[in-house]
1. Can you give the FRET efficiency to the nearest 0.05 for Glu327 and Gln357, using r as the Cβ-Cβ distance and R₀ = 22 Å?
2. Over the chain, average the accessible area per residue using a 1.4 Å probe and give it in Å², no decimals.
3. Taking Cβ-Cβ under 4.7 Å as the only way to count a partner, pick out the unpartnered cysteines of the chain.
4. Once the Cβ-Cβ distance between Ala378 and Asp244 is put in as r, and R0 is 51 Å, what FRET efficiency do you end up with, to the nearest 0.05?
5. Tally up the carbon and sulfur contribution to the accessible surface of the chain as a whole percent, 1.4 Å probe, everything protein left in place.
6. Consider a paramagnetic label point 7 Å from the Cα of Leu205 along Cα→Cβ; state which residues of region 237-256 have an amide N under 17 Å from it.
7. Among the lysines, which have Cα under 25 Å from the Cα of Lys301 when same-chain residues fewer than 8 positions away are ignored?
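The values are calculated or read from the model by the stated rules, or taken from the named source; none is laboratory data. The model shown is predicted, which means the values in this text are computed figures rather than measured ones. Backbone-built Cβ (ideal geometry, glycine too); neighbour counts: all protein chains shown. Accessible surface is based on the protein model in full, side chains and every heavy atom, while ligands, DNA and RNA are left aside. Shrake-Rupley method; radii C 1.70, N 1.55, O 1.52, S 1.80 Å.
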Amino acid sequence: MRTTDRKPLTLPDHLFGVFTTERDRVGLEFHETRHRYGEILDGALRVAGWFRNFGIRPGDRIAAHMLPSLDSVLCFLGSLFCGTILVPLNPRYTAAETSYFLDDAGVRLFLDRASHESSGPRGPWRVLLRSEDGDFREKASGESLLALSVDSPPAEPDPGPGPDEVALLCYTSGTTGTPKGAMITQGNLACMAASLHEAWGWTSLDVLLHALPLFHVHGLLVALQGALYAGARTVMLPGFDPQDVLDRLVRQRPTLFMGVPTMYRRLVHLDSASEPGLDQIRLFVSGSAPLAPETFHAFQKRFGHTVLERYGMTEAGMVLSNPLRGERKPGSVGLPLPGVSVRVVDPDTNEDLPSGQAGELLIRSGSVCKGYWGRPDATAEAFTEDGWLRSGDMARQDEDGYLFLVARRKEIVITGGFNVYPKEVENVLEEHPGVSEAAVYGVPDPDLGEKVCAAVVAQATDTPTQEDLIRFCKRSLTSYKCPRAILFMDDLPRNAMGKVIKERLKVKE
Ligand code: MCA
């Protein structure tokens, strides 16, 4: 399969440049306010200078609740240009989840704007600095980071954080249920930006309608960074509302939209008196979860556009994509992106398999992260001896080289494009005094792709109800991770090795 070795890139050369050459061009539109590249650059350097005033230095970790806003864009860029490491967080993580990330990453500065509700009034930013004793102390608070930093001298951009230096820690879980921070380097970001730029034909004339969360690779790097790298304009929305998105697709005439399959399904099912003309859009991209062929066809039929499906992973960046020009096959995640090599191997022997046969997808590219923060063992396990990343996904290739995902080796539920690791949810359920054992699994769902379900064996006395357990989960876990339905059983079905047979539970649901 395709092998392209590329020179390591760094972002200051490749992203920073756009900010200096395109100063007058609009880079971001949010709540109908336009921000030019020059203004964004000045704001990012000012925010970075303000970080420095707190004693933050290159290599230090800064965590931020990445709600859609100019502030989050400035945090991302300020951190990137000045060599600090950003830990992007979901504003709706629970206090327990957040404190785990802060401790695991050894965060020094925490920009807190938690909101455990999807709507409603949100408090101001709280700026928390970790003190010598390890506790966070509030240093400032206010509605906007830009306003808080207004008197700080702008930071000098780092002349070139090396390609191997960590830029982001993006957390993903795993078989143990303990989230691990994927170390995404400056070089990874640059490679991914360059690869997608080439594959999807980004130009500075593009206008991206952005309705994805900013705390995952999809919304932050594929979408936002892709647009910034091209010198294009991002119209950022506070969230995904299908009717609002459809109206804006017509009214604001974007050229690009990126979403998860749930978003495409909801667009397809919108009621509308007439079909809107979406002729100016050149590309709809789908990722983060499998796009059902029915949705692919329904979208094509209703809107006249063929969605381009692609495949990536937090640890690998973007890996495969259907072509910009050429056939986009329903159900396929496409071909290797520029600069990416993949293999399909027997997961036990790592031997390459002939095309047509399903095996584990292995990845090598400049956008593959350098491992997990503080976890050399997990890092070693994630790679083969000769340095290929194990995706944990089973794929097969057709005669034209297109890849199809056929199953997952790793246990994961993808709901609305969010990854949920069953073990993390099982651990919480098993902390409930009325539960002796729990098994969590995904069940197909027409809207979310999969929904999280659980089977539990309750203690003989003090048996909790389904509602009790869901409420209990919501105290520790973000809502999308919490089970939607719970089966109560006398015993969990197990195989001869004692492993729970989740396939059997899925059938019972
Ligand atoms: C929705 N939920 C959330 C969030 N969004 N919980 C915490 N944080 C959020 N940001 C919860 C809702 O509260 C609800 O739980 C449940 O999810 C289902 O929500 P529902 O009301 O049906 O939908 P929604 O709130 O309208 O959200 C649907 C959505 C959302 C807009 C499609 O799921 C979404 O933004 N998905 C994008 C995920 C994403 O960006 N993934 C990229 C990661 P309750 O009912 O209890 O209130 S993967 C990645 O980056 C890789 C590298 C890749 O390849 O892309």
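1. Numbers: r = 22 Å, r/R0 = 1.00.
Here the calculated transfer efficiency is 0.50.
2. Numbers: 20950 Å² over 509 residues.
Roughly 41 Å² per residue, with all protein chains present.
3. When partners are defined as cysteine Cβ atoms under 4.7 Å apart, the chain leaves Cys75, Cys82, Cys170, Cys191, Cys369, Cys453 without one.
4. Details: r = 40 Å, r/R0 = 0.79.
For R0 = 51 Å, the calculated efficiency reads 0.80.
5. Numbers: 10290 of 20950 Å².
Answer for the chain: carbon and sulfur cover 49 percent of the accessible area.
6. So the set is 253-256.
7. Partners within reach: Lys329.
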